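Enquirer: Supplied in structure tokens, the structure appears directly below.
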Amino acid sequence: MTQVRSSAPGKLYIAGEYAVVDGCAAIVAAVSRYVTVSISDETLNEELRENLQKNAPSSRNYCGAITSDAEKYKPLLWARASDGSIEIQNDGKYAYVLAAMGVVDAYASEKCAPNINRKSYNVHISSELDDAKTGRKYGLGSSAAVTVAVIRALCKWYGLNLSTPEICKLALIASSSVKKSGSGGDVAASSYGGWTMYRAYSREWLEAELTLVKSGCSDFGELLHKKWPRLEVKRLNVDKSLKLLVGWTGSPASSAKLVSSVESSVKTSAEGSTESSVETSAFDNKNQLFTYEDFCKQSEICVQKLARAIEKFEISEISSGFAQNRALLQKLSALTGTVIETHELTKFIEIATCAGVPAKTSGAGGGDCAIALSTIYDNNVIETMKSTWEANGIKPLNIDVTEIFGTGKPSENIVLDAFAKSREPNAQSVQSCTIQNRKDAHIALADKQYKTRADSDFDKVRFVPNALPQVALEEIDASVNVLGSEVCDSVHWCSPIYINAMTGGSDAAKKVNASLARVAAKNSVAMASGSLSAALRDETLLSTFSVIRSENPHGFVMANVSAGTSASDALRAVNMIHANALQVHLNAAQELVMQEGDRDFRNWLCNIESIVSACEALSVPVIVKETGCGISAKDVHRLKDVGVRTVDVSGRGGTNFVTIENARRNLGDCDYLADWGLTTVESLVDIRKCDSLKNMEVFASGGVRTPLDVVRALALGASAVGVAGEFLHTLMHEGEDALSLQIDNWKKQIRVIMALLGCKTVKDLQEKTEFVRADCLGK
Ligand code: FNR
């Protein structure tokens, strides 16, 4: 007999209930009560089979039985349809189990899983999530836990090795096919374990994607690798001394019913039904108008604050966060006429609050459990509270938050960090904008506006193929020697690609920089920091940049400053991260669209001249770069005249700071500038036409999306090629390991394309290649 077994924990909502259904963040903890699923090919005992078959249609091709420890779930035979797919029962029995089986089955077939022939099996479920004696539900998310446990067990059964985010996505697909509402926060908690911050995916999007899968235009593999709009699952790093306390009121509640009661109240009022007893808004106790939208907005802010407090272990902040979340839920209750905090739940909270312990309802409320957060050092207080709860008819449950599943690496977070607060920045937030949230908004908006195909004109650059390359792949050397001058020895880069300037200046940016730096180190590619202006003004932000050097002590790192920076500050920036070179950025279009941006660029050329001479004195190479609007040959001449030897054209077509800043303004009044500037290809072509610029070193960036774009840029005269938006996108959606793999793959592919063109070196690419439609490229 072959048998495999897997478990998944239940969950409790910590904060953000109800609003999570409408795309706001919630905190969910996985708790130490499990559903365990065993899959086996044991022959069914004759008596059971006969009994089951008596009540089942005889025409079916039965493949196994589903059984459960819980008496109320009677055993069921399951079958396959004639096309081999799992037949879903109409009476809703074991609906989550069957849905999970169906999803893993389809995915395993697609992937030709090692044990895909094991098509018949029995499933046995045992659960600790309900009351052992009475079988009554505690409200710990048994549907989600059983879905995740079946998915895990069946992946083992078929020999599939899936990551935590993949398990989570498969479970979300399965559970969404059964439950037509709900956020999926329970599924994320059961999949990830520990503490998570969760934001729900777009249901409409997933439904549309599943239709594509059904019609054969897509498959589950593709769906798992796609970016799921809005979905965020981020592990919270919580100190083990924080103690979760849970009390059960004894009265089960239906979350689905409560959520749909709130939803229908909100919907009725939004539709403007004058008959409805529910108003669109209500007056709160300060006599101020309070709407459902207010509830969602305030819940988001409260959850973000609570997540920080929980991670920092700040009990007083947790207390105020809980009180705020509770007050919001009370307002929602008044607004929609839904009873969220029952008498028993209020008792639980009051007893804890009297003892100085933060407490609130958990999940939809209306019964089920309430939670409190204390520390393991407060044993006496906890024991007294427990006795008082018991005396008041509330049963303390012996529950802890579980360990995490998976590696725990940040790369397993579905979205790297809580950029949520800057996700949809509005005009008001710009007014009170700090550098930190501007940096987060840049990352969030660059990602939101990311397009797989850039408009950078690279597609117009078509090589004349070389049918007789006359080279061997092993002879191809894509390394470059760059940044050499009379005062600086040239530097050898084993690959022509570098990670271009992006970020720094906020906690989230620090994490991005740390990841990029580790990837740069692993793949031996150069990397630039984001603009250090923030750290030059406020040294407390330094670590958000210097992490680049600490994570990549021996790599080639470029510091980045604006053209308005003084020479002494530019050198200070180089020292801050022990950089090997300095990038000076030109971003006039961005500054002018940005409400708080610079308006005076009169000293730029003069500054650049001083920076170059100060850096030359210390043998620090300088690269003057645009930030997405390109540089013309004429401007390269002007830069050359003040001593610049290397430019990075960073042209239009990829990340676009005009549209990013325009989105931050939320006015849309600068839309007409979206196409400002030269594309990367236009800039390169303009520069290569000028003989007098033959000695200028040109780097290319802006809209580089593929290894072929890199080779095209090199052939058009670039000595090295920078990538920002594309790599950021991979990092944010697939994580650090995926980015590392992508860069490694690009390095290999660049050599493959060079071989295809019969070019052994980058110099060959520039001298020997020919383009189709050479006239348009000026060659
Ligand atoms: C940037 N870029 C940038 N450039 C710079 O010189 N200093 C900076 O601080 C930043 N900040 C920044 C943030 C983010 C989130 C992105 C995506 C980009 C511009 C970047 O280096 C590059 O010039 C452009 O993004 C064009 O390249 P891509 O993104 O199309 O590959």
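The values are calculated or read from the model by the stated rules, or taken from the named source; none is laboratory data. Owing to the predicted nature of the structure, the values given are computational and were not obtained by experimental measurement. Methodologically, a virtual Cβ is constructed for each residue, glycine included, from the backbone with ideal geometry; neighbour enumeration extends over all protein chains shown. Keep in mind that these areas ignore ligands, DNA and RNA; they rest on the heavy atoms of the full protein, side chains included. Shrake-Rupley method; radii C 1.70, N 1.55, O 1.52, S 1.80 Å.
Enquirer: Peptides 479-492, 752-765: what's the order by average Cβ count within 10 Å, highest mean first?
Expert: Ranked from most to least packed, the peptides come out as 752-765, 479-492.
Enquirer: Across region 119-129, in residue order, what do the Karplus-derived ³J(HN,Hα) couplings come to in whole Hz, using 6.51 cos²θ - 1.76 cosθ + 1.60 with θ = phi - 60° and x for Gly and Pro?
Expert: Each residue's phi maps through the Karplus curve to give 7, 10, 7, 9, 10, 10, 10, 10, 10, 9, 7 Hz.
Enquirer: Given a Förster radius of 51 Å and the C-beta distance between residue 339 and residue 81 as r, what FRET efficiency does 1/(1 + (r/R0)^6) yield to the nearest 0.05?
Expert: Step by step, r from the Cβ atoms, then E = 0.70.
Enquirer: For the chain, what does -39500 (n - 2.57) per DSSP helix run (n ≥ 4), summed and divided by total residues, give at 222 nm, in deg cm²/dmol to the nearest 500?
Expert: My calculation for the chain gives -13000 deg cm²/dmol from helical runs alone.
Enquirer: Here is a follow-up. When a/c reaches 1.5 or more, the comparison of a/b and b/c decides; with that in mind, is region 294-395 rounded, prolate or oblate per its Cα gyration tensor?
Expert: oblate
Enquirer: Over region 526-600, what is the relative contact order in whole percent, taking alpha-carbon pairs under 8 Å and six or more residues apart?
Expert: The value is 31 percent.
Enquirer: Right, another one. Please give the contour-minus-distance gain from residue 474 to residue 695: 0.36 nm per residue of separation, less the Cα-Cα distance, rounded to one decimal in nm.
Expert: Working it through step by step, the gained length comes to 76.5 nm.
Enquirer: For the residue pair residue 134 and residue 226, what label-to-label distance in nm results when each label sits 7 Å from Cα along the Cα-to-beta-carbon direction?
Expert: About 4.4 nm separates the two model spin labels.
Enquirer: For region 647-703, what D do you get in µm² per second when you plug the Kirkwood radius from alpha-carbon pairs into Stokes-Einstein at 10 °C and 1.306 mPa s?
Expert: Stokes-Einstein gives a translational diffusion coefficient of 126 µm²/s.
Enquirer: Multiply the residue separation of residue 354 and residue 217 by 0.36 nm, subtract the distance between their alpha-carbon atoms, and state the gained length in nm to one decimal.
Expert: Full extension from residue 354 to residue 217 adds 43.4 nm.
Enquirer: Also, I was wondering about something else. Write down the percent of antiparallel bridges among all DSSP beta bridges whose residues are both part of the chain, to the nearest 5.
Expert: 65
Enquirer: Next up: Could you calculate the FRET efficiency of residue 767 with residue 116 from 1/(1 + (r/R0)^6), where r is the beta carbon distance between them and R0 is 45 Å, rounded to 0.05?
Expert: Taking R0 as 45 Å, the efficiency between residue 767 and residue 116 is 0.30.
Enquirer: Sticking with this structure for a sec: Out of the total accessible area of region 508-624 (probe 1.4 Å, heavy atoms of protein only), what percent is carbon and sulfur?
Expert: Result for region 508-624: 52 percent of the exposed heavy-atom area is carbon or sulfur.
Enquirer: Report the per residue volume, in Å³, of the convex hull enclosing the C-alpha atoms of region 42-84.
Expert: Taking only Cα atoms, region 42-84 has a hull volume of 88 Å³ per residue.
Enquirer: List every residue whose amide H lies under 5 Å from the amide H of residue 68, counting only residues 5 or more places away in sequence or on a different chain, with H placed 1.01 Å from N in the peptide plane.
Expert: 125
Enquirer: Check each of the GluC sites (Glu not before Pro) in region 38-124 and keep only those in coil by DSSP with at most 16 other C-beta atoms within 10 angstrom; list them in order.
Expert: Filter output for region 38-124: 42, 71, 87.
Enquirer: So with the 1.4 Å probe, I'd like the accessible area per residue for region 58-185, rounded to whole Å².
Expert: About 41 Å² of surface per residue is accessible.
Enquirer: Evaluate the charge dipole of the chain about its Cα centre and quote only its size in Debye, nearest 20, assuming +1 on the Cβ of each Lys and Arg and -1 on the Cβ of each Asp and Glu.
Expert: 720
Enquirer: Taking amide hydrogens as modeled 1.01 Å from N in the peptide plane, which residues meet the under 5 Å criterion relative to residue 14, leaving out close sequence neighbours?
Expert: Close amide H contacts, sequence-distant or interchain: 27, 28, 29.
Enquirer: Give the Rg (one decimal place) followed by the Dmax (whole number) of region 653-744, computed from C-alpha coordinates and expressed in Å.
Expert: Cα-based Rg and Dmax for region 653-744 come out at 15.8, 44 Å.
Enquirer: Something else: Taking region 335-410, which chymotrypsin sites (Phe, Trp or Tyr not before Pro) meet the DSSP loop condition and have no more than 12 other C-beta atoms within 10 Å?
Expert: Answer by residue number: 377.
Enquirer: Rolling a 1.4 angstrom probe over the protein heavy atoms, how many square angstrom per residue are accessible across region 616-712?
Expert: Dividing the accessible area of region 616-712 by its residue count gives 38 Å².
Enquirer: Then there's this: For region 543-700, what class follows from the C-alpha gyration tensor (a ≥ b ≥ c being the square roots of its eigenvalues): rounded when a/c is under 1.5, otherwise prolate if a/b is larger than b/c, else oblate?
Expert: Verdict is oblate for region 543-700.
Enquirer: Let me ask you something else. Using each residue's phi in region 381-386, evaluate 6.51 cos²θ - 1.76 cosθ + 1.60 at θ = phi - 60° and report the 3J(HN,Hα) Karplus result to the nearest Hz, with x for Gly and Pro.
Expert: 4, 4, 5, 5, 4, 4
Enquirer: For residue 648, what residues show an amide H to amide H distance below 5 Å, using hydrogens built from the backbone and excluding near sequence neighbours?
Expert: 624, 625, 626, 699
Enquirer: If you don't mind, there's one more thing I want to ask. Determine the shape class of region 1-103: with a ≥ b ≥ c the square roots of the Cα gyration tensor eigenvalues, call it rounded for a/c under 1.5, and otherwise prolate if a/b is greater than b/c, oblate otherwise.
Expert: Note, shape of region 1-103 comes out prolate.
Enquirer: Follow-up. For the chain, what's the radius of gyration and Dmax over Cα atoms, in angstrom?
Expert: 29.9, 94
Enquirer: Between residue 665 and residue 738, take the C-beta separation as r, use R0 = 41 Å, and let me know the FRET efficiency to the nearest 0.05.
Expert: 0.80
Enquirer: Which whole-Hz ³J(HN,Hα) couplings does region 170-184 yield from phi under the Karplus relation 6.51 cos²θ - 1.76 cosθ + 1.60, θ = phi - 60°, glycine and proline marked x?
Expert: Once θ is set to phi - 60°, the couplings for region 170-184 become 4, 5, 5, 4, 4, 6, 5, 6, 9, 9, 8, 10, x, 9, x Hz.
Enquirer: Tell me, how many Å apart are the Cα centres for region 96-110 and for region 1-76?
Expert: 13
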